[in-house]
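Please read the structure below before turning to the comments.
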């Protein structure tokens, strides 16, 4: 039981930190532009595919450095020549634009790379068990993923709160007019943050690609979960996004690892139903089965009872 | 009497068009496309009720379509096993009622806010229902879905609905009724208030309306019509799967309504017709049609924020002033190179994707392996792009003059 718990915790943390890399960019972009970027997970997918192609010729490490840069540049271009143009037509148009962009990126990936799953491998250098606990191995690559994500988290925290650039960004989020009057180029700051946010998503794709498989549906799989996190955490709140990422990561990991379900609950209550009962599906449901539903259930509950999210302040 | 006839002439024309189309296009493929169109029109209009008229951006509208469809297939099964016997003509009504019930239940908490909060609740509910449809397999049939048979019910004047054409007439009549009622809804105080709440909820509150209640009414009505569309889907295909209530279907209806033009009643109809045609016809020619659809959608959002219908309505002023002929020539001058550019772009995309030795395109046999082909097409595309850029200013000037206020009106 203990070993299941420890490994579920470790895996949950790996997923949680990975989710945070996506959620942090998304929530920063939201607080700047007031728009949720539907295509954010698509940039994550682009990161994985670029890194895969680069790794074929130059190895994994080149991909790790250059794929996020390419993705970030693409993101900045999208902001400059797409989103900024649509901004005049209002928020709904912006949301719909990013939705269309997500659609287009998925189709483009199928066009350039094909529909099949890509054989994107972890580097040989990290292909060993980091430690063995209760006879179960924890791979070094997962440790590496966690190290990178924690590193990004610390760097992001430091840049945003301590550095001059971070302070200007924070000011530009709340008082764009004043910052502009002080002589800073606010549109350029926005473009830069959009670029960095998408680059972070790309980096998440690079390191997640080998573990979570690189295929054209990978953006859809993660995309809506990242949305859920950003909303549960509170729109625009980085700390909230961090808590929610870990919460969702651990929640899913525990749900999958556990083996309890409705039958256990019913036998605890001393009720039993025969197999022919019309709600048989409900009475035989177990936790791993409903693990994929849990984040959405949490989302709907949070939106009903606390629409601002855990740490959100923004009230519409 | 004459006034009523004049007012309803467009509806009579619509009904004649709906019922007359299968006489013009009577191949099996055409009938199946017409069936899809009738379903798509109802579905897209119900979506427009939400987003275009009520200002609620939903990413989970397929839920009501799918739930209505699932219950309709269950109703078909009931008829088949003679648990209940009624004509299948009423199936869309059952779908609609279930869509309404789902709308009342979900709308009771999701319509509290519009904007991003509503959009996210709809996304969450959509994902929740799509994911749980795979868990509750006795109702949803798991990944395979459920299927029924529409031929078991009592016949209607001798028709047993085995043929697609018979179902088309059922769908056409239902589509007509649904469209008429959705239009009438926009004329009711509830429909008018929906517009007011969309534009300025605060003001609506000040004149004594609860913006939440107004949203709730639109939401329920929209759920009902989506359920009717789902019922028509069930009748047409006789099966339904999880795919019909997941995010992909929700996304498609958003595409339809947006490309057609939000805010105009006719917009979603145009979008539904165009997208269904693209879906059925273009997919025969190219496996990349979804890519083109994505490009078209982004271009629409960027350059025609009010959709095709908005583009047509833009010319109203010039039309009223009798200045349309001033625009024809500049349109042709810009349009021809623009079309040429689009054709070249498609050729380049297809050539880089094809694996054949020779690629047949518009009567030309192109050789994708030779660099000469690429250079020639790129040169034509470049020339066309330059021509569009050059002539665009003229078009703009012509547009300004055509829409300018005439001199005598100014004084």
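The values are calculated or read from the model by the stated rules, or taken from the named source; none is laboratory data. Remember, it's a predicted structure, so these values are computed and weren't measured experimentally. Cβ atoms come from the backbone with ideal geometry, glycine included; neighbour counts cover every protein chain shown.
See the values below:
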| read-out | value |
| --- | --- |
| Residue in the stretch B:276-297 that is surrounded by fewer than 16 Cβ atoms within 10 Å (Cβ to Cβ), within 14 Å of chain A (Cβ to nearest Cβ), under 27 Å from residue B:402 (Cβ atoms) and modelled with pLDDT of 85 or more present | no |
| Per-region count, the stretch B:346-384, residues under 17 Å from residue B:286 (Cβ atoms) and touching a helix residue (DSSP H, G or I) at 6+ places or on another chain (Cβ under 8 Å) | 12 |
| Residue match in the stretch A:36-51 (condition: surrounded by fewer than 24 Cβ atoms within 10 Å (Cβ to Cβ), at pLDDT 85 or above and part of a helix (DSSP H, G or I)) | yes |
| Which listed residue, of B:141, B:126, B:107, is within 14 Å of chain A (Cβ to nearest Cβ), crowded, with 16+ Cβ neighbours inside 10 Å and out of contact with any helix residue (DSSP H, G or I) (no Cβ under 8 Å at 6 or more places or on another chain) | B:141 |
| Scope the stretch B:319-339; condition more than 14 Å from residue B:391 (Cα to Cα) and either modelled with pLDDT of 80 or more or under 27 Å from the mean Cα position of the chain (by Cα) (or both); matching residues | B:319, B:320 |
| Considering residues of the stretch B:145-156 that are touching a strand residue (DSSP E or B) at 6+ places or on another chain (Cβ under 9 Å) and surrounded by fewer than 22 Cβ atoms within 10 Å (Cβ to Cβ) only, the residue farthest from the other protein chains (Cβ to nearest Cβ) | B:147 |
| Long-range neighbours under 7 Å by Cβ, at least six apart or interchain, first residue touching a residue at least 12 places away in the same chain (Cβ under 8 Å) within the stretch B:231-246, second part of a loop (DSSP other than H, G, I, E, B) | B:235/B:150; B:238/B:148; B:238/B:149; B:238/B:150; B:239/B:145; B:240/B:145; B:241/B:145; B:242/B:145 |
| Some residue of the stretch A:233-244 being within 12 Å of another protein chain (Cβ to nearest Cβ), part of a helix (DSSP H, G or I) and touching a residue at least 12 places away in the same chain (Cβ under 8 Å) | no |
| Pairs where the first residue, in the stretch B:130-151, is outside the structural domain of residue B:76 (by TED's automatic domain parsing) and the second is outside any helix (DSSP H, G or I), C-beta under 6 Å, 6+ apart | none |
| Residue among A:108, A:149 that is touching a helix residue (DSSP H, G or I) at 6+ places or on another chain (Cβ under 8 Å) and within 14 Å of another protein chain (Cβ to nearest Cβ) | A:108 |
| The one condition in (1) under 22 Å from the mean Cα position of the chain (by Cα); (2) over 30 Å from residue A:227 (Cβ atoms); (3) surrounded by 23 or more Cβ atoms within 10 Å (Cβ to Cβ) that residue B:76 fails to fulfil | (1) |
| Where residue A:199 falls short, out of the listed (1) away from chain B (no Cβ under 14 Å); (2) crowded, with 19+ Cβ neighbours inside 10 Å; (3) more than 21 Å from residue A:109 (Cα to Cα) | (3) |
| Hits in the stretch A:263-305 (condition: more than 20 Å from residue B:133 (Cβ to Cβ), modelled with pLDDT of 70 or more and within 11 Å of chain B (Cβ to nearest Cβ)) | A:302, A:303, A:304, A:305 |
| So residue B:194, is it assigned by TED's automatic domain parsing to the domain that holds residue B:27 and modelled with pLDDT of 90 or more | yes |
| Residue identified as outside any helix (DSSP H, G or I) and crowded, with 22+ Cβ neighbours inside 10 Å among B:68, B:60 | B:60 |
| Residue tally, condition in contact with a strand residue (DSSP E or B) (Cβ under 9 Å, 6 or more places away or on another chain) and free of Cβ contacts under 8 Å to residues at least 12 places away in the same chain, over the stretch B:57-107 | 0 |
| Checklist (1) closer than 15 Å to residue B:224 by Cα; (2) surrounded by fewer than 24 Cβ atoms within 10 Å (Cβ to Cβ) applied to residue B:39, failing item | (2) |
| Subset of the stretch B:36-61 (residues that are closer than 26 Å to residue B:132 by Cβ and within 14 Å of chain A (Cβ to nearest Cβ)) | B:47, B:50, B:51, B:56, B:57, B:58, B:59, B:60, B:61 |
| Among the residues listed as A:99, A:66, the single one being part of a helix (DSSP H, G or I) and more than 10 Å from every other protein chain (Cβ to nearest Cβ) | A:66 |
| Test: residue in the stretch A:175-189 that is surrounded by 12 or more Cβ atoms within 10 Å (Cβ to Cβ) and under 21 Å from residue A:20 (Cα atoms) | no |
| Residue tally, condition in contact with a strand residue (DSSP E or B) (Cβ under 8 Å, 6 or more places away or on another chain) and either part of a helix (DSSP H, G or I) or at the interface with chain A (Cβ under 10 Å from one of its Cβ atoms) (or both), over the stretch B:233-269 | 2 |
| Among (1) touching a residue at least 12 places away in the same chain (Cβ under 8 Å); (2) within 14 Å of chain B (Cβ to nearest Cβ); (3) closer than 30 Å to residue B:60 by Cβ; (4) in contact with a helix residue (DSSP H, G or I) (Cβ under 7 Å, 6 or more places away or on another chain) - the single one residue A:91 does not satisfy | (4) |
| Subset tally (residues that are surrounded by 13 or more Cβ atoms within 10 Å (Cβ to Cβ) and outside any strand (DSSP E or B)) for the stretch B:354-368 | 3 |
